[in-house]
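Take a look at the structure set out below.
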Amino acid sequence: MNFRTVILALLLALVPGLIYGQNKAGLPNLVKFDLAKKHFGFYLGANQMFFTIQPADGFQRIYTKAEVPDMLTDSVLLQGVTSKPIPGFSIGLVSNLRLGNYFDLRFLPGLQFGERQVSYHMINYTKGDSLDVTVDKNISSTYIDFPLYLRYKSARVHNFRASVYVGGNFKIDLASRKDDIDQSENVVVKLKNSDYAMDAGVIFDFYTVYFKFGVELRMTYGFGNILVKDQTLYTTSIDKMKSKMFQISFTFE
């Protein structure tokens, strides 16, 4: 079962209870909540970090032993480079500034823990023999991010309100190995320790008796090329590598 299937199942499990809550008779909860100039909270979430990889021109070529020092080989023919995400988690704070009946400014500093795998598919030529091999490089990241959003809110319907938002995000990778010295037996694919991105998403808010509970879906698109170049196959075969992330968060405000 993949990450998105789990998220869909979780949302479907929440729907009956939320619908029941909206149909209950009585006065709305937290009627003055949205009139406050500012309020605070926190969020917990799950994420999937991705790479958008743009191969270098002529990357499908023969690479020498010097370019793949962590493999027992005479040379290799690179056929392709792919990546896949590994589920991670997120935690952070919520600060909200009311701009009017339908607009808010939101600042959500947080920590994003995640990992991505880059796979290099190649033919290994050793002592006259050839063998199809795949070399996987796992890249862990721990981002502290500083997203600032402009949110547009729908009209409130009893204890429910939906909203959409867009904004910018500056990210610092605390787990970056940019300055590590490579060892021949384990070449590390390194990332820059900072990135900037655009975020966009949707939020479904439910007003309970004591707090506002939200379900937030967020997409993050990195603008910068975060790959640190070296002289090995693992980076010379790639022209640009950009970050992307899908996240579902549960907010408590």
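The values are calculated or read from the model by the stated rules, or taken from the named source; none is laboratory data. Predicted model only: the values in this text are computed from it and were never measured. Cβ coordinates were reconstructed from backbone atoms using ideal geometry, including for glycine residues, and neighbour counts include every protein chain displayed.
A few points about this structure:
- Scanning the stretch 39-78 for residues that are in contact with a Phe, Trp or Tyr (Cβ under 7 Å, 6 or more places away or on another chain) and either in a loop (DSSP other than H, G, I, E, B) or of a type in the set (Gly, Ala, Ser) (or both) turns up GLY41, GLY45, ALA46, THR73, ASP74, SER75.
- Residue list for the stretch 39-70, filter: closer than 15 Å to TYR120 by Cβ, of a type in the set (A, V, I, L, M, F, W, C) and surrounded by 19 or more Cβ atoms within 10 Å (Cβ to Cβ): PHE51, VAL68
Yes or no, residue by residue, for (1) in contact with a Pro (Cβ under 9 Å, 6 or more places away or on another chain); (2) surrounded by fewer than 20 Cβ atoms within 10 Å (Cβ to Cβ); (3) of a type in the set (Phe, Trp, Tyr):
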position: TYR149; (1), (2), (3): no, no, yes
position: PHE160; (1), (2), (3): no, yes, yes
position: VAL187; (1), (2), (3): yes, no, no
position: LYS192; (1), (2), (3): no, yes, no
position: VAL209; (1), (2), (3): no, yes, no
position: GLY222; (1), (2), (3): no, no, no
position: LEU227; (1), (2), (3): no, no, no
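- Looking across the stretch 203-246, the residues that are touching a strand residue (DSSP E or B) at 6+ places or on another chain (Cβ under 9 Å), more than 27 Å from SER140 (Cα to Cα) and of a type in the set (A, V, I, L, M, F, W, C) come down to ILE203, PHE204, PHE206, PHE211, PHE213.
- At least 3 residues being under 24 Å from PHE204 (Cβ atoms), at pLDDT 95 or above and of a type in the set (Asp, Glu) is the threshold, and among the strands (runs of 3 or more DSSP E) wholly inside the stretch 101-186 not one reaches it.
- GLY128 satisfies every condition listed in (1) touching a Lys or Arg at 6+ places or on another chain (Cβ under 9 Å); (2) surrounded by fewer than 16 Cβ atoms within 10 Å (Cβ to Cβ) except (1).
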